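Take a look at the structure below.
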Amino acid sequence: MATGFGLIPVRKKDGGQLRVSSYVVPASDGTALYVGSAVKLAAGVDTVTQLPTIVEAAAGDALIGAVVGFLPDPTLPYNSGYRVASTRRIFLVCDDPDGIFRVQEDAVGGAVSAANVGA
């Protein structure tokens, strides 16, 4: 059985370098986030860094991109590949509008057919 992995940036449409930008998830957000999580913009900016804030995206949301990593935070315990809920973290997000991602479909609500590839 395959293991879920979220969104993985594969390449850019034109073959160039994918863009990765920094965003903040505030401590007020109670959702754990993982590398591969789909995220959307939240209202406002972080008061310390002035970076835009993000939250985990839900079905039907307009995505800004996918989490590809985090900046280290020496005040938090080490965690492998995820952000502990209710902790402020700076995220690295592949937010390139020309990025192509690989994702594992879970068949909830019906399997994706070959006709959906690229949609």
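The values are calculated or read from the model by the stated rules, or taken from the named source; none is laboratory data. Only a predicted model underlies this, so the values are computations on that prediction, with no experimental measurement involved. Reconstructed Cβ throughout: ideal geometry from the backbone, glycine too, with neighbour counts over all protein chains shown. Accessible surface is based on the protein model in full, side chains and every heavy atom, while ligands, DNA and RNA are left aside. Shrake-Rupley method; radii C 1.70, N 1.55, O 1.52, S 1.80 Å.
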**Q.** Residue in region 59-75 that is nearest to Val35 (Cα to Cα), counting only those that are touching a strand residue (DSSP E or B) at 6+ places or on another chain (Cβ under 8 Å) and modelled with pLDDT under 90
**A.** Phe70
Q: Report the residue count in region 4-28 for those that are among the aliphatic types (A, V, I, L, M), touching a Ser or Thr at 6+ places or on another chain (Cβ under 9 Å) and open to solvent by 60 Å² or more (accessible area, probe 1.4 Å).
A: 0
Q. Mind checking which residues of region 29-56 are of a type in the set (A, V, I, L, M), in a loop (DSSP other than H, G, I, E, B) and surrounded by fewer than 18 Cβ atoms within 10 Å (Cβ to Cβ)?
A. Ala32, Val48, Leu51
**Q.** Single condition Tyr34 does not satisfy, out of (1) under 13 Å from Leu7 (Cα atoms); (2) free of Cβ contacts under 8 Å to residues at least 12 places away in the same chain; (3) of a type in the set (Ser, Thr, Tyr)
**A.** (2)
Q. Which of the residues belonging to region 76-117 are modelled with pLDDT under 70, under 19 Å from the mean Cα position of the chain (by Cα) and open to solvent by 70 Å² or more (accessible area, probe 1.4 Å)?
A. Ser80, Asp106
